[in-house]
């Protein structure tokens, strides 16, 4: 199913729902409608839980804003810093932090749920990014204006890019 055919699918669902009750029980129709058009809040809840888990474990690979809950000595930050310094490191860490969530969502969520994310990608990415920053601050990270801005640029671009890649990949595999 793609975005262009949503109206067609909805029209067919409405026609199907007009069949006599003996032919189409209401619970089947409700289940079909829920599956085809998942609630964006439920999808966001799944993303939030997934991001919390993935985000925590990604800190083992790439510490961010000085947070390193696993006290690892080697990190992607060392490599990112050697490439072009602290500024690029902040952008790449933000990209990594967000992209891992949406790339794993591609494996966990259904295609219809990915379409829901795609429809609300700016809102979802923005809220997850800002919530992540709030969590960093809550756990005592040192948030500095310029670095936060660079991290946000990386996080938003990484989130949007991974949503696009995940969605296209999943649609190709489903076809």
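The values are calculated or read from the model by the stated rules, or taken from the named source; none is laboratory data. This one's a predicted model, so the numbers in the text were calculated from it and none came from an experiment. For neighbour counting, all protein chains shown are included, and Cβ atoms are generated from backbone atoms with ideal geometry for every residue, glycine included.
Can we say residue 131 is out of contact with any helix residue (DSSP H, G or I) (no Cβ under 7 Å at 6 or more places or on another chain) and at pLDDT below 90? Answer is no for this residue.
Could you tell me whether any residue of the range 73-96 is part of a loop (DSSP other than H, G, I, E, B), surrounded by fewer than 12 Cβ atoms within 10 Å (Cβ to Cβ), on the phi > 0 side of the Ramachandran plot and at pLDDT below 90? Checked the range 73-96: at least one residue is part of a loop (DSSP other than H, G, I, E, B), surrounded by fewer than 12 Cβ atoms within 10 Å (Cβ to Cβ), on the phi > 0 side of the Ramachandran plot and at pLDDT below 90.
Could you please let me know if residue 62 is touching a strand residue (DSSP E or B) at 6+ places or on another chain (Cβ under 9 Å), under 13 Å from residue 154 (Cβ atoms) and in contact (Cβ under 8 Å) with a residue 24 or more places away in the chain? Taking the combined requirement at face value, the residue does not satisfy it.
Is there a residue being closer than 25 Å to residue 63 by Cβ, buried (at least 16 other Cβ atoms within 10 Å of the Cβ) and modelled with pLDDT of 90 or more anywhere in the range 135-144? No; the residues of the range 135-144 include none that is closer than 25 Å to residue 63 by Cβ, buried (at least 16 other Cβ atoms within 10 Å of the Cβ) and modelled with pLDDT of 90 or more.
Just to be sure before I move on: is residue 64 over 14 Å from the mean Cα position of the chain (by Cα) and surrounded by fewer than 20 Cβ atoms within 10 Å (Cβ to Cβ) in the structure I sent? Taking the combined requirement at face value, the residue does not satisfy it.
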